[in-house]
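Encoded as structure tokens, the structure appears first; notes follow it.
The values are calculated or read from the model by the stated rules, or taken from the named source; none is laboratory data. Please read these numbers as outputs of a predicted model, since none were measured by experiment. A quick note on method: Cβ atoms are made from the backbone with ideal geometry, for glycine too, and the neighbour counts reach across all protein chains shown. Keep in mind that these areas ignore ligands, DNA and RNA; they rest on the heavy atoms of the full protein, side chains included. Shrake-Rupley method; radii C 1.70, N 1.55, O 1.52, S 1.80 Å.
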Amino acid sequence: MSHVWLQLPPERAVYSGLSTDHYSWTEVYGDLALRTQFSGVLDVQQGQLRGRFVWVGGELRGGHDLEGDLDFRTLPVTFARASVSLTGLDPVLAQLVWLCRDGDLQQLPITWPDARDLLAPRRFRGALMGRAAYSYWEDGRLLAGTLPEAGETLTTVAPRARYTHTDLEAFWSEVLRASGSRMPLQDTWRQAAARLADEHPCLDPFAREVWFDGQALRLDPELPIPEFRTAMLAQYRAMLALNGVALRSVPMPEARTHPLWPSSGLEE
């Protein structure tokens, strides 16, 4: 799978374009070892070969070239005479760069600034690219970068969904079952969905795209996952609010340890 090479904010550069002929790999490794809580990106280039490595909070997430993974330990061999650049980023932004490395590219049907109205309600997460402008977004809010000029056509890069509709059904069914100890599920589901159906049409009970049958969540396999994620978060939060229930008070140990919990948005 080809990788997306996102442009990094140039003002965050620690150093740029240093040759390993003069700044050896021993020195590069030594410098990085001292940055115990580093979040950011190491870019390497040798001719047409490129590599990128990402750290978040001092933890190396991994590395890749244009087509596959790279091993950080073998850089002195695979990039013996390279130029290296180091960019420091906020942890949230560094994590976003890593998640978007094999993300889904989509050209937006409208231009800037009209496109701004899509980002917040969809809780957009990813990178927004114009002719020269790059910006990074988390939960519909601007994290970093420069905004496009008026009239620019735009492309987005969002983290690739790493789970299926069936996975989502199972996870959210567990969340709802656990929440049944704190609220009447079916009545609350209907009330919340009625309030949100205009903003999130997939919650309309007549659409039969997202519904609760009393035992489990059901999801139309044709519904786009980003659309579902936004709608389901709004639905569940509305259900909690209708009953005056705090998420932390709901006993759901299985859901909290589920692989999808970190990406569910529930703790955001």
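Annotations
- Residue selected from the stretch 101-140 under the condition under 16 Å from the mean Cα position of the chain (by Cα) and free of Cβ contacts under 8 Å to residues at least 24 places away in the same chain, by the criterion surrounded by the fewest Cβ atoms within 10 Å (Cβ to Cβ): 120
- Scanning the stretch 68-86 for residues that are surrounded by 14 or more Cβ atoms within 10 Å (Cβ to Cβ) and in contact (Cβ under 8 Å) with a residue 24 or more places away in the chain yields 75, 76, 78, 79, 82, 83, 84, 85, 86.
- Yes/no for residue 159 being open to solvent by 70 Å² or more (accessible area, probe 1.4 Å), modelled with pLDDT under 95 and out of contact with any Asp or Glu (no Cβ under 6 Å at 6 or more places or on another chain): no
- Criterion: touching a Pro at 6+ places or on another chain (Cβ under 8 Å) and more than 24 Å from residue 122 (Cα to Cα) - qualifying residue of 249, 181: 181
- Residues in the stretch 39-67 that are part of a loop (DSSP other than H, G, I, E, B), open to solvent by 20 Å² or more (accessible area, probe 1.4 Å) and in contact (Cβ under 8 Å) with a residue 40 or more places away in the chain: 65, 66, 67.
- Of the listed requirements (1) in a helix (DSSP H, G or I); (2) open to solvent by 30 Å² or more (accessible area, probe 1.4 Å); (3) of a type in the set (A, V, I, L, M, F, W, C), residue 5 misses just one: (1).
- Within the stretch 212-244, tally of residues that are more than 25 Å from the chain's Cα centre (by Cα) and part of a strand (DSSP E or B): 1
- Residue within the stretch 249-260 that is in a loop (DSSP other than H, G, I, E, B) and of a type in the set (Val, Ile, Thr) present: yes
- Any hit, the stretch 11-26, residues being surrounded by 19 or more Cβ atoms within 10 Å (Cβ to Cβ), touching a Ser or Thr at 6+ places or on another chain (Cβ under 6 Å) and under 23 Å from residue 101 (Cα atoms): no
- Within the option set 184, 226, 251, 205, being open to solvent by 40 Å² or more (accessible area, probe 1.4 Å) and closer than 20 Å to residue 158 by Cβ holds for one residue only, 226.
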